[in-house]
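**Q** Pasting a structure here, questions to come.
Each value in this text was obtained by applying a stated rule to the coordinates, not by laboratory testing. In this text, all values refer to a predicted model and were calculated from it rather than measured experimentally. We place every Cβ from the backbone using ideal geometry, glycine too, and count neighbours over all the protein chains shown.
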Protein chains: 2
Amino acid sequence: MSAASPQSRRPRSGNRRDEAARLAVLHAADDLLVEHGFGALTVEAIARRAGVAKQTIYRWWPSKVEILLDTLIEDSAKRLPVPALEPTAETVRGYLRDFARFLTDDPAGKVLLALVAQAQHDPGTADRLQERYLRPRRDQERDMLTRASAAGEITPALDPDTTLDAVVGPLVYRALTGSDVPPDLVDALAGNLLGPRRG
Amino acid sequence: MSAASPQSRRPRSGNRRDEAARLAVLHAADDLLVEHGFGALTVEAIARRAGVAKQTIYRWWPSKVEILLDTLIEDSAKRLPVPALEPTAETVRGYLRDFARFLTDDPAGKVLLALVAQAQHDPGTADRLQERYLRPRRDQERDMLTRASAAGEITPALDPDTTLDAVVGPLVYRALTGSDVPPDLVDALAGNLLGPRRG
DNA sequence: TTGCCTAGACGCAACGGCGCGTCTAGTCTG
DNA sequence: CAGACTAGACGCGCCGTTGCGTCTAGGCAA
């Protein structure tokens, strides 16, 4: 659906990068992953779907992993922002619930799971996923927790990183193993690990 | 190391399956995965390493995933048994600590992570992993928790499956993202989720 | 017992298919 | 002209399959 059709694409703009082609590639990769799984995600299939020459892909991306990282970063910045200013117990819980829905319902969630998976098969992917996505996001999440703690909104018993792993881990694990990730689960984990509100 | 050398292999035994060949394939797959990662794990490489013809592999296993499942099941039955009879709070905690070490230090732990990863890329793998490994093991673990609860050894606040996901999830998540999985983490999670001993 | 015969597991080698990443050639636009 | 684009061919490696010859255990008959 979101693949650009050839006629809707603006004419190329000379010797500058074609933004329409870039978006077409990103959307094609996303769509193919969701529709047919990572196994069917080949560079040639992306090129066909995007209506773009294979060489154009290799010109701008070293691998399909980097394409997926681009879509993941753009999409999760848009649709799963980390509450930054004066987070309350409720915004923290809300973020975690959103994260659970992101994992299971959002196409970008599938992209994240696929990249975590691919990281097991290829050390290069593991490094890039850490650098470009996991580490920066974790920094923001840690900051959120620290601010909420300082404001007395939450009172976690464990240090911030362990707390985050303890909540995020089960959500990701259930998503990876094909279980559902209901909001109740998030609330149960948050209740156990974030401590009483306004302790 | 564990690949059978040709001269050490016993002569084939007529029209019966060659057990030495079976073990050579299992060990070759295991070794190649640990040494070079899933990416380098091809059926042809396994055949070369095991000193076995490719057809012999295809005769007995429909895919390399099934080979890995065989090794995972045999190895974790041997090296990570689930405490079954009258589990105490300490045996439950011990099992979870063993599981953490299994994930990071045991070759079979790498096999499990690789299969969880592959399950994201291929629905068939997801089904087989569930059927042959995750479900049976979860059944045993649930039983362990239920018995320990009934005996008053542990007092989890959540239902058994959620409790297991809440402990196992973070361990797996950290292993997947390349973090270490220290015993302290297990103890912290267990302290939070298994409840006070002999409450 | 001796000797042949069959069943089935095995190794060797080659097949067509496909995705990889690279390369060449030609087109289009600022 | 420079630089991004399309189209398509290339060699490589692995896929899963096939044909064929070899080897051995076990059955059967003289």
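**Q** Nearest 0.05, what FRET efficiency do A:Ala45 and A:Arg79 give at R0 = 22 Å with Cβ-Cβ as r? Present the calculation step by step, with values, prior to reporting the outcome.
**A** Numbers: r = 25 Å, r/R0 = 1.13.
So the FRET efficiency works out to roughly 0.30.
**Q** Continuing with this model, one more query. Which lysines have a Cα less than 21 Å from the Cα of A:Lys110, not counting those fewer than 8 places away in the same chain?
**A** Here the lysines satisfying the reach criterion relative to A:Lys110 are A:Lys64, A:Lys78.
**Q** Grab the eigenvalues of the alpha-carbon gyration tensor for the stretch A:79-187, scale each by 5, take roots, and send me the semi-axes largest first in whole angstrom.
**A** Numbers: eigenvalues 115, 54, 30 Å².
For the stretch A:79-187, the semi-axes come out at 24, 16, 12 Å.
**Q** Also, I was wondering about something else. Can you list the distances in nanometres, one decimal and ascending, from the A:Arg16 label point to the identical position in each other copy, with the point 7 Å along Cα to Cβ?
**A** Here A:Arg16 shows inter-copy label distances of 7.7 nm.
**Q** Turning to a different aspect of this structure: Need one value for A:177-189: mean number of C-beta atoms belonging to other chains within 10 Å of its residues' C-beta atoms. If you can, show how the numbers build up before the last one.
**A** Working: counts 13, 8, 4, 0, 1, 1, 0, 1, 5, 0, 0, 7, 8.
Mean partner shielding for this stretch: 4.
**Q** Mind jotting down the three principal axis lengths of the protein assembly as shown based on Cα atoms? Whole angstrom, largest first.
**A** 70, 60, 29
**Q** Ok, one more. Under 17 Å between alpha carbons, and skipping anything fewer than 8 positions from B:Lys54 in its own chain: which aspartates and glutamates qualify?
**A** Correct list for B:Lys54: B:Asp18, B:Glu19, B:Asp30, B:Glu44, B:Glu66.
**Q** At q = 0.15, 0.28 Å⁻¹, what base-10 log of I(q)/I(0) does the Debye formula yield for the stretch A:47-88 when every alpha carbon is treated as an equal point scatterer in vacuo?
**A** Relative scattering, expressed as log10 I(q)/I(0), comes to -0.52, -0.97.
**Q** Would you list the P(r) distribution for the stretch B:140-199, with all Cα-Cα distances sorted into 10 Å bins from 0 and each bin expressed as a whole %?
**A** 23, 50, 23, 4
**Q** So for the stretch A:20-133, considering every pair of alpha-carbon atoms, how many percent are separated by more than 19 Å?
**A** Working: 3146 of 6441 pairs.
Here the long-distance tail beyond 19 Å is 49 percent of all Cα pairs in the stretch A:20-133.
**Q** What does the charge dipole of chain A about its Cα centre add up to, to the nearest 20 debye, if the Cβ of each Lys and Arg holds +1 and the Cβ of each Asp and Glu holds -1? Kindly include the intermediate steps, with their values, before the conclusion.
**A** Details: 27 positive and 28 negative charges, 173 e Å.
Roughly 840 debye, rounded to the nearest 20.
**Q** Here's a follow-up. Among A:Leu193, B:Val186, B:Gly169, whose Cα projects farthest towards the positive end of the dipole of the protein assembly as shown, with charges put on the beta-carbon of Lys, Arg (+1) and Asp, Glu (-1)?
**A** Comparing the listed Cα positions along the dipole, B:Gly169 ranks first.
**Q** Hey, got the dipole for the protein assembly as shown? About the Cα centre, +1 on K and R Cβ, -1 on D and E Cβ, debye to the nearest 20?
**A** Numbers: 54 positive and 56 negative charges, 279 e Å.
The calculation lands at about 1340 debye.
**Q** Moving on. Report the relative contact order of chain B, percent, no decimals, based on alpha-carbon pairs under 8 angstrom and at least 6 residues apart. Spell out each step's value before the answer.
**A** Numbers: 201 pairs, mean separation 38.0, N = 199.
Relative contact order, chain B: 19 percent.
**Q** Let me ask something additional. Treating the point 7 Å from Cα along Cα-beta-carbon as the label, what are the nm separations from B:Gly39 to the other copies, to one decimal?
**A** 2.1
**Q** Here's a follow-up. Note down the net charge around B:Arg49, summing +1 for each Lys or Arg and -1 for each Asp or Glu among other residues with Cβ under 11 Å from its Cβ.
**A** Values: positive: B:Arg48; negative: B:Asp30, B:Asp31, B:Glu35, B:Glu44.
Charge balance in the 11 Å sphere: -3.
**Q** If I model a spin label at A:Gln140 and A:Gln55 as a point 7 Å from the Cα along the Cα→Cβ vector, what separation in nanometres do I get?
**A** Taking the simple label geometry, A:Gln140 and A:Gln55 are separated by 3.8 nm.
**Q** Using helices alone, I'd like the mean residue ellipticity at 222 nm for chain A: each DSSP H run of four-plus residues gives -39500 (n - 2.57), total over residue count, nearest 500. Please report the intermediate quantities before stating the final value.
**A** On the way: 10 runs with 132 residues, N = 199.
The helix-only estimate for chain A comes to -21000 deg cm²/dmol at 222 nm.
**Q** Let me ask something additional. Over all distinct alpha-carbon pairs, what is the Kirkwood Rh of chain B in angstrom?
**A** Numbers: mean 1/r = 0.0545 Å⁻¹.
One over the average 1/r among Cα pairs gives 18.3 Å for chain B.
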